[in-house]
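Engineer: Pasting a structure here, questions to come.
Readers should treat all values here as calculations from the given coordinates under stated rules, not as data from a laboratory. Predicted model, so just to flag it, every value in this text is computed and none were measured. When we count neighbours, we look across all protein chains shown, and the Cβ atoms used for this are built from the backbone with ideal geometry, even at glycine.
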């Protein structure tokens, strides 16, 4: 079971909403390549508000992800796509229901 996670809130620049959505959809392929990422979701809350939620079995997995290709791509694209810097919250997983 995952024990730690990240919740990353993203606010798209005006006119960049579709590009943010496309970027997040492409992130799924990268997430699938990360052995230590147990769960990965790209979310849309409204017209300009997006998020990423991902979970890991331990802190080493979370650190691996934070130093990985998705994080690097996000930080490289942030100035072009986002109205504000990503808000990255480190959270503990208290319970989870996952497919077997």
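Engineer: In degrees, nearest 10, range 0 to 90: what is the angle between the Cα axis of helix 17-33 and the longest Cα principal axis of the chain?
Structural biologist: With both axes taken from Cα atoms, the answer is about 30 degrees.
Engineer: Taking the Cα centre of each part, how many Å lie between region 1-60 and region 69-95?
Structural biologist: Rounded to whole Å, the Cα centres lie 8 Å apart.
Engineer: Further, regarding this structure: Could you tell me how many degrees, from 0 to 90 and to the nearest 10, lie between the Cα long axis of helix 69-81 and the main elongation axis, the longest principal axis, of the Cα atoms of the chain?
Structural biologist: 20 degrees
Engineer: Same structure, new question: Express in nm, to one decimal, how much length is gained between residue 7 and residue 66 on full extension, taking 0.36 nm for each residue of separation and deducting their alpha carbon distance.
Structural biologist: Numbers: separation 59, 0.36 × 59 = 21.24 nm, distance 1.18 nm.
Length gained, residue 7 through residue 66: 20.1 nm.
Engineer: Same structure, new question: Return the calculated 222 nm mean residue ellipticity for the chain, to the nearest 500 deg cm²/dmol, obtained by summing -39500 (n - 2.57) across DSSP H runs with n ≥ 4 and dividing by the residue count. Can you show the working numbers first?
Structural biologist: Details: 3 runs with 38 residues, N = 100.
Value at 222 nm, helices only, nearest 500: -12000 deg cm²/dmol.
Engineer: With N residues in the chain, what two-decimal value do you get for its Cα radius of gyration over 2.2 N^0.38 Å?
Structural biologist: That works out to 1.05 for the chain.
Engineer: Give, in nm to one decimal, the length gained when the segment between residue 49 and residue 14 is fully stretched (0.36 nm per residue of separation minus the Cα-Cα distance).
Structural biologist: 11.5 nm
Engineer: Calculate the FRET efficiency for residue 98 and residue 78 from the Cβ-Cβ distance with a Förster distance of 25 Å, rounded to the nearest 0.05.
Structural biologist: Details: r = 30 Å, r/R0 = 1.19.
Given R0 = 25 Å and the Cβ-Cβ separation, E is 0.25.
Engineer: Please arrange 38, 69 by how many other C-beta atoms lie within 10 Å of their C-beta, fewest to most.
Structural biologist: Sorted ascending by nearby Cβ count, the order is 69, 38.
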